[in-house]
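Since the structure comes first, as structure tokens, the remarks are kept for the end.
The values are calculated or read from the model by the stated rules, or taken from the named source; none is laboratory data. No experiment lies behind these values; they were computed from the predicted model shown. Neighbour counts run over all protein chains shown; Cβ positions are idealised from the backbone, glycine included.
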Amino acid sequence: MSPAANPIPPKPGLLTALKELPKNVWNSIFRNPLPSNDLEKSATSFTNFFLHIHPVKVHKHSLKPTYTLGLGLISFFLFVILILTGILLMFYYVPSTTQAYDRMLDLRGTVAFGMILRNMHRWSAHGMVAVVFLHLARVFFTGAYKKPREFNWVLGVVLFLLTLFMSFTGYLLPWDQLAFWAITVGTAIAGYAPVVGKDIQFLLMGGTSVGQEALLRFYVLHVAVLPAILTLGISIHFWRIRKDGGLSRPPEADATPALEFSAPAATMKVAGPESRKTYGLQGLVRGPITKAGQVPDNTVFSWPDLFRAELFTFVITLSAILILSLLFNAPLEEPVNILHPPNPAKAPWYFLGLQEMVSYSAFWGGIGIPTIFVVLLFITPYIDRAQTGVGKWFAKERLLANTIFLTFVLANIVFVIIGTFFRGPNWAFVMPW
Amino acid sequence: MAVNLKRSSGTGASTEQIQRRRMLGWLTGLGLFGSGILSAVSNFVFIKPRATYGQPQRFSIGKPDDFPPGTRATLGARSLCVVREGNKIAALSTTCTHLGCIVGVSDTGFACPCHGSRFDQDGTVTGGPAPRPLPWYKLTLAPNGELEVDKDIEITPGSYLSL
């Protein structure tokens, strides 16, 4: 089988073809072998569809678990779990006021794995709200939203709002008491928005009260419209990370590493064979990105370091959700009774801060203050233009910004705690002990 | 456009052509933008229901004799509370004006379980975040002797129907 010896290779026999079938099929799918040298390591990102979103090399600072805490990745993996369990749940769910609740009972009682699928979906949803917010807080506290990452920050805030809307539309679907009254209250809050409020409320509910039309609308939003927008948004979010020069890092991280040579920059070379050839493509990318041979190299190949870190994060995330789902069952309240709201009627924990604020003033608590917070989040990178304090947790230079952000967060946490533990029947203040 | 075509063979042809091209570009952009706006608006028109499938807003609640003097009866499915004092009768909404929960009848009037709004017997706000009093609906005595409520028409609180 040596082409050098014989220009026309001998026709392989059928037996040989059959014998080599598994190997040939494998090689036709995976052109790159398991990497054993730097060239093959860099080729993993180019030759595998699922890996090609990754850069060939990644900055060492980006791999520090203490910097990112892996929160963005965890959010994404939770989203993947939600999509998969959600699609499975769709096989048994019917968005009808007369059937939805019974289907919930079926999932609990008769459908194989129905219980654990619903648990996984519920806990991942709660987890995603929490982790997406923590991710946002991480990016804020490390000043990672600054130029050139302003737009990706804005996109991230949009994704956070979509995540909240996703969970909001999701919890009408079981058609239990919590579902019905939370959506009644939530759509009424939308009704307080100036000018368009009443129209939005009418559009969301498809009528004047929460009923079959509202259930169908929320279902369509939850299983089709929002996941599609969220998927698109996440894709752009990831794409922008690379186009913006990878994850944020402090300027020190790009300093010349203490290598054995201290040659002038013009003659500096990056260690490793084939380096120029392999990442010549990256020379086309504008912006602060590692260019081979031009800047000091603090990077490592994505294979295996980055992929291993991602796999580790995925396994941890999935395990945590599985354990939670085995230990705790997703709550299901009484079926809807449109005559009697539960007393007190409480939203899920992440909206309890909002509900507590709404109990003082529907407009300011439900529309005014949240809008101010969201607008502040959106414009932060365009107001805070100083380039100092990027890539460090709680940098001294960012004391003011971090304090303002923390104040909002703590205020919300306090409201959540009051709403959760200190509110009794008729939303009266009670002591939890 | 015909004028432009004739001139394009002259010396200023290239400038003319560029201008025409630019105008065509503008028109194309405008057309695409307009279509985008149109389709967005059509989508909103589409998802805004023309007919709703809920209960009718105008309905009969029974004979006056069903509500003897002194009655404060809630009609759950209609989100109504019928109040009769002597020969005066009225229908109040039991939908909280804050965020739409159903208020319960309490000793002093009405109380909302969702965010703690409180109302007195006439539906006036006495506490909590509710921005408006509970609405009073138009109540009429139909020719067949039945009381008829129209939830589309709010009347001044305190105006009873005399029987």
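In segment B:54-66, the condition of being touching an Asp or Glu at 6+ places or on another chain (Cβ under 8 Å), within 11 Å of chain A (Cβ to nearest Cβ), in contact (Cβ under 8 Å) with a residue 60 or more places away in the chain and in a loop (DSSP other than H, G, I, E, B) is met by at least one residue. Residues in segment B:88-131 that are more than 12 Å from B:Arg72 (Cα to Cα) and of a type in the set (A, V, I, L, M) were compared, and the one that is surrounded by the most Cβ atoms within 10 Å (Cβ to Cβ) is B:Val103. On inspection, A:Glu334 qualifies as surrounded by fewer than 16 Cβ atoms within 10 Å (Cβ to Cβ) and either of a type outside the set (Gly, Ala, Ser) or within 14 Å of another protein chain (Cβ to nearest Cβ) (or both). In segment A:207-219, the residues that are at the interface with chain B (Cβ under 8 Å from one of its Cβ atoms) reach residues that are outside any loop (DSSP other than H, G, I, E, B) and of a type in the set (Phe, Trp, Tyr) with C-beta atoms within less than 9 angstrom, at least six apart or across chains, in these pairs: A:Thr208/A:Phe202. Exactly one condition in (1) of a type in the set (S, T, N, Q); (2) within 14 Å of another protein chain (Cβ to nearest Cβ); (3) in a helix (DSSP H, G or I) is false for A:Ser325; which is it? Status for A:Ser325: all satisfied but (2).
Please verify whether segment A:219-226 includes one or more residues that are crowded, with 16+ Cβ neighbours inside 10 Å, in a helix (DSSP H, G or I) and more than 20 Å from the chain's Cα centre (by Cα). Yes, segment A:219-226 contains at least one residue that is crowded, with 16+ Cβ neighbours inside 10 Å, in a helix (DSSP H, G or I) and more than 20 Å from the chain's Cα centre (by Cα). Within segment B:67-85, the residues that satisfy the criterion of being of a type in the set (A, V, I, L, M, F, W, C) and within 14 Å of another protein chain (Cβ to nearest Cβ) are B:Ala73, B:Leu75, B:Ala77, B:Leu80, B:Cys81. The residues of segment A:134-153 that are of a type in the set (A, V, I, L, M) and either buried (at least 17 other Cβ atoms within 10 Å of the Cβ) or under 21 Å from A:Val94 (Cα atoms) (or both), listed by number, are A:Leu136, A:Val139, A:Ala144.
Please determine whether any residue of segment A:59-75 is β-branched (Val, Ile, Thr), assigned by TED's automatic domain parsing to the domain that holds A:Thr317, under 24 Å from A:Phe160 (Cβ atoms) and crowded, with 16+ Cβ neighbours inside 10 Å. Checked segment A:59-75: at least one residue is β-branched (Val, Ile, Thr), assigned by TED's automatic domain parsing to the domain that holds A:Thr317, under 24 Å from A:Phe160 (Cβ atoms) and crowded, with 16+ Cβ neighbours inside 10 Å.
The residues of segment A:87-112 that are in contact (Cβ under 8 Å) with a residue 40 or more places away in the chain and in a loop (DSSP other than H, G, I, E, B), listed by number, are A:Tyr93, A:Pro95, A:Ser96, A:Thr97. Per this entry, A:Ile53 is counted among residues that are touching a Phe, Trp or Tyr at 6+ places or on another chain (Cβ under 8 Å) and modelled with pLDDT of 85 or more. When the residues of segment B:118-150 are filtered to those that are among the hydroxyl-bearing types (Ser, Thr, Tyr) and out of contact with any Pro (no Cβ under 6 Å at 6 or more places or on another chain), the one that is farthest from the other protein chains (Cβ to nearest Cβ) is B:Thr140. For segment B:86-116, a residue qualifies if it is away from chain A (no Cβ under 14 Å), more than 22 Å from the chain's Cα centre (by Cα) and not charged (D, E, K, R), and the qualifying residues are B:Gly86, B:Asn87, B:Ile89, B:Ala90. Is it the case that some residue within segment B:151-163 is surrounded by fewer than 20 Cβ atoms within 10 Å (Cβ to Cβ), touching a helix residue (DSSP H, G or I) at 6+ places or on another chain (Cβ under 8 Å), more than 14 Å from every other protein chain (Cβ to nearest Cβ) and at pLDDT below 85? Among the residues of segment B:151-163, at least one is surrounded by fewer than 20 Cβ atoms within 10 Å (Cβ to Cβ), touching a helix residue (DSSP H, G or I) at 6+ places or on another chain (Cβ under 8 Å), more than 14 Å from every other protein chain (Cβ to nearest Cβ) and at pLDDT below 85, which makes the answer yes.
Restricted to segment A:337-433, the set of helices (runs of 4 or more DSSP H) holding at least 1 residues that are more than 14 Å from chain B (Cβ to nearest Cβ) and in contact with a strand residue (DSSP E or B) (Cβ under 7 Å, 6 or more places away or on another chain) is empty. Against the condition farther than 29 Å from A:Leu352 by Cβ, surrounded by 22 or more Cβ atoms within 10 Å (Cβ to Cβ) and out of contact with any helix residue (DSSP H, G or I) (no Cβ under 9 Å at 6 or more places or on another chain), how does B:Leu134 come out, does it pass? No: the conditions fail for B:Leu134. Among the residues of segment A:299-356, those identified as among the hydrophobic types (A, V, I, L, M, F, W, C), closer than 30 Å to A:Phe429 by Cα and under 21 Å from the mean Cα position of the chain (by Cα) are A:Trp349, A:Phe351.
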